[in-house]
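Inspection log for the structure reproduced underneath, given as structure tokens.
Read-outs throughout are calculated quantities, based only on the coordinates presented, and are distinct from any laboratory measurement. A quick note: this is a predicted structure, and the numbers were derived from the prediction, not measured. Positions of Cβ are generated from backbone atoms using ideal geometry, with glycine treated the same way; all protein chains shown enter the neighbour counts.
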Amino acid sequence: MDLINIRKANKKYNTGVTAIYDLDLKIKKGEFVFVIGATGCGKSTLIKMLYREEKPTSGQIIVGGIDVAKLKNNKVFKLRRQIGVVFQNYRLLEKSTVYENVAFALEIFGTPKDEIHQKVIKVLELVGLKNRIKSYPNQLSGGEQQRVAIARAIVNGPKLLICDEPTGNLDEDTSSEIMEVLEEINKLGTTIIMVTHDRKIVERMNKRVILLDAGRLLKDYEKGTYKNESI
Amino acid sequence: MKVFRILGRNIRDSFKSVLRNFSLSMASISSITITLLVVSISIVLSYNVNNFAVLVEKDVTIVAFIENSVTDEDIANIEEQINRLQNVETYEFQGKEDITKDMMESSDVFQNIMGGWSLDENPIQDTFLVKVTDIEQIGDTATKIKEIENVSVVKYGEGMVEQLIKIFQVVERISFIMVISLILVTAFLISNTIKITIFSRKTEIGIMRLVGASNINIKIPFILEGLFLGILGSIVPVVITTYGYMSLFKNFNGQLFSPFIKLINPAPFIYYISGILVLIGVTVGMFGSWRAVRKHLKI
Ligand SMILES: Nc1ncnc2c1ncn2[C@@H]1O[C@H](COP(=O)(O)OP(=O)(O)OP(=O)(O)O)[C@@H](O)[C@H]1O
Ligand SMILES: [Mg+2]
């Protein structure tokens with residue numbers, strides 16, 4: 001079953017720049033997909049359209065049964081509840097603890113306290129931060145902060161996890177640890193789309209790879225085929 | 001249940017925000033306080049003036065003194081002419097014998113002085129006591145009565161009553177204008193406070209959107225913050241109005257300057273005013289924050 005179905009999507013910013021051209025793409029439930037390409041080729045624009053941060057200028061984008069292009073502004077939250085998003089710069093609340101940062105994503109829905117506690121602890125355990133729940137973001141390393149961001153993104157149990165260069169600020173070892181966490185989350189059933197510049201990670205992970213070039217889909221490498229071709 | 005938990009969280013957040021931007025919140029709260037104090041004074045004043053005017057209209061009487069030389073026929077003639085006047089509600093004749101008797105009964109001093117007078121010596125005159133329908137035309141009516149033949153003098157507390165009412169009307173008008181402009185200034189201040197709150201919480205708002213908070217869910221805390229500012233700002237005016245008016249009423253025994261000017265009983269009056277003050281505070285607070293949210297929290 002396709003979780004994501006993109007047909008003839010175009011995105012032209014009102015500055016006149018066209019970031020995505022006639023893009024067709026299908027992603028199945030449970031897949032792990034890398035999106036790569038030169039800087040400015042439209043990777044971020046593509047995933048922003050998935051969680052409706054940007055609207056396609058034309059074409060159709062369906063995510064989890066929701067027609068994103070036709071989604072009204074005041075209904076966007078329904079889409080966002082099915083999607084977790086992680087960025088290069090973590091975006092944590094500096095004045096809140098690790099626990100509070102993660103709990104935040106549940107509190108705003110009026111989840112009962114004990115249910116919040118249960119879910120937060122479980123997800124912090126998954127990302128390996130169970131012993132740091134009382135720490136503040138500025139007391140954590142970059143890798144640890146990114147784990148908190150990931151925990152917050154998945155605590156709702158989203159169908160889709162979108163990561164825009166989640167390892168962009170991290171060294172090689174820390175990046176590997178983050179990738180292990182993502183792999184684990186993917187194994188538990190969450191579809192993951194990850195934008196990255198890190199060729200080593202892409203080669204090592206052996207996943208499907210989408211290569212963009214100047215807003216067009218240049219190549220769609222099946223799972224495990226990327227390494228062979230790029231050598 | 002869920003709604004209550006969300007609301008509870010929003011209330012907690014709004015309260016935190018009021019404390020976090022303390023100096024700004026204080027500016028808004030003081031502004032509301034000043035506005036509501038002026039509102040309160042205006043209401044107290046205008047309601048008492050209205051009350052006073054009603055009492056005056058009931059009490060003010062034109063006294064027409066009649067020449068001592070008249071015959072009974074002349075008196076009947078005067079009565080008929082008074083009866084014909086438009087603005088006259090009721091009238092009553094008091095003969096000089098009755099007046100003398102009343103006065104002598106009322107005090108020993110009068111008894112001693114007046115007891116010696118013979119009927120011819122008595123300087124007291126026959127009178128008509130006239131009550132009017134429309135207090136504002138009392139001057140006209142008095143003049144018309146004076147023009148009647150054999151009426152010598154007419155008295156009705158000339159000028160004093162009308163002038164007092166006129167002054168109060170001017171005060172009422174000025175305070176109305178003040179209240180309106182203060183309300184506008186306050187709404188602007190609150191709007192500004194909420195705007196700064198919105199900017200200081202940009203990251204948080206961004207994350208809320210990202211994790212799927214609905215628009216209402218994002219906006220409510222800011223509206224609530226305005227509401228809190230309104231409630232906090234109305235505390236001092238309510239307390240001052242309640243205790244101030246009660247002690248004013250007590251000190252002056254329910255009268256101001258003379259028994260003529262009666263104050264309204266505090267009992268339900270101050271509750272009404274307090275209700276109105278809180279309502280205005282809350283409305284202005286919420287209006288101010290709603291404006292800021294509409295302008296600066298585009299979703
Ligand atoms: N909000 C925007 N308004 C106007 N133009 C934009 C906007 N965002 C991106 N662009 C333009 O669209 C093109 C694609 O940008 P995008 O951010 O999607 O690239 P990217 O592949 O993510 O690049 P990078 O690898 O550097 O993150 C670029 O030319 C960029 O300048
Ligand atoms: Mg990018």
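Cross-link partners of residue A:200 among aspartates and glutamates, defined as those whose alpha carbon lies under 15 angstrom from its own and excluding same-chain residues fewer than eight positions apart: A:165, A:171, A:172, A:173, A:177, A:180, A:229.
The stretch B:187-243 and the stretch A:1-61 have Cα centres spaced 37 Å apart.
Around the amide H of residue A:127, modelled in the peptide plane, lies no amide H under 5 Å away from a residue 5 or more places distant or on another chain. Shielding value for A:108-115 is 5, the average number of Cβ atoms from other chains within 10 Å of each residue's Cβ.
Among DSSP beta bridges lying fully in the stretch A:114-231, give the percent that are antiparallel, nearest 5. Can you show the working numbers first?
Values: 5 of 10 bridges.
About 50 percent, rounded to the nearest 5.
Subtracting the Cα-Cα distance of residue B:294 and residue B:15 from their residue separation scaled by 0.36 nm leaves 98.4 nm.
For the peptides A:148-155, B:199-206, B:236-243, A:78-85, residues were scored by their other Cβ atoms within 10 Å and the scores averaged per peptide; the highest-first order is A:148-155, A:78-85, B:236-243, B:199-206.
The mean number of Cβ atoms from other chains found within 10 Å of a Cβ in peptide A:71-80 is 4, as a whole number.
Where both bridge residues fall in the protein assembly as shown, DSSP classifies roughly 65% of the beta bridges as antiparallel. Where does the charge balance sit around residue A:101 when Lys and Arg score +1, Asp and Glu -1, over other residues with C-beta under 13 Å from its C-beta? Its environment carries a net charge of +1. Each other residue within a Cβ distance under 13 Å of residue B:21 adds +1 if Lys or Arg and -1 if Asp or Glu, for a net charge of +2. Calculated [222 nm] ellipticity per residue, helices only, for chain B: -25500 deg cm²/dmol; basis is -39500 (n - 2.57) per DSSP H run with n ≥ 4, divided by all residues, nearest 500. All other residues whose Cβ lies under 12 angstrom from that of residue A:147 are scored, Lys and Arg at +1 and Asp and Glu at -1, for a net of -2.
By counting other Cβ atoms within 10 Å of each Cβ, how are B:290, B:117 ranked from fewest to most? Before the final figure, lay out each step's value.
Details: B:290 18, B:117 13.
Fewest-to-most Cβ neighbours within 10 Å comes out as B:117, B:290.
Per DSSP H run of n ≥ 4, the term is -39500 (n - 2.57); total these for chain A, divide by its residue number, and report the mean residue ellipticity at 222 nm rounded to 500 deg cm²/dmol. Please list the in-between numbers first.
Details: 8 runs with 78 residues, N = 231.
Counting only the DSSP helices, I get -10000 deg cm²/dmol.
Under 19 Å of direct C-alpha separation, and excluding same-chain neighbours fewer than eight residues apart, residue A:119 reaches these aspartates and glutamates: A:100, A:107, A:144, A:184.
Here's the list of lysines a cross-link from residue A:207 could span, going by alpha-carbon distance under 16 Å and ignoring same-chain residues fewer than 8 apart: A:26, A:28, A:29, A:187, A:219, A:223, A:227. Across the stretch B:61-156, the mean sequence separation of Cα contacts (distance under 8 Å, 6 or more residues apart), normalised by length, yields a relative contact order of 54 percent. Hey, how many Å between the Cα centroid of the stretch A:169-215 and the Cα centroid of the stretch A:63-142? Here the answer is 20 Å between Cα centres. Along chain A, the exposed loop sites are GluC sites (Glu not before Pro) outside DSSP states H, G, I, E and B with at most 10 other Cβ atoms within 10 Å, and the longest stretch free of them is A:95-221.
Would you mind ranking A:49, B:114 so that the residue whose beta carbon has the fewest other beta carbons within 10 Å leads the list? Mind dumping the intermediate values first?
Values: A:49 25, B:114 18.
Lowest count first: B:114, A:49.
Cβ crowding within 10 Å, taken as a proxy for footprinting-reagent exposure, orders A:13, A:99 from fewest neighbours to most as A:13, A:99.
Return a single number: how many Lys pairs in the stretch B:114-210, at a sequence separation of 8 or more or on separate chains, have alpha-carbon atoms below 17 angstrom apart.
Numbers: B:131/B:144; B:131/B:146; B:131/B:155; B:144/B:155; B:146/B:155.
Taking the Cα cut-off of 17 Å, the pair count is 5.
Residues of the stretch A:33-77 with an amide N closer than 17 Å to a point placed 7 Å from the Cα of residue A:10 along the Cα-to-Cβ direction: A:46, A:55-61, A:69-70.
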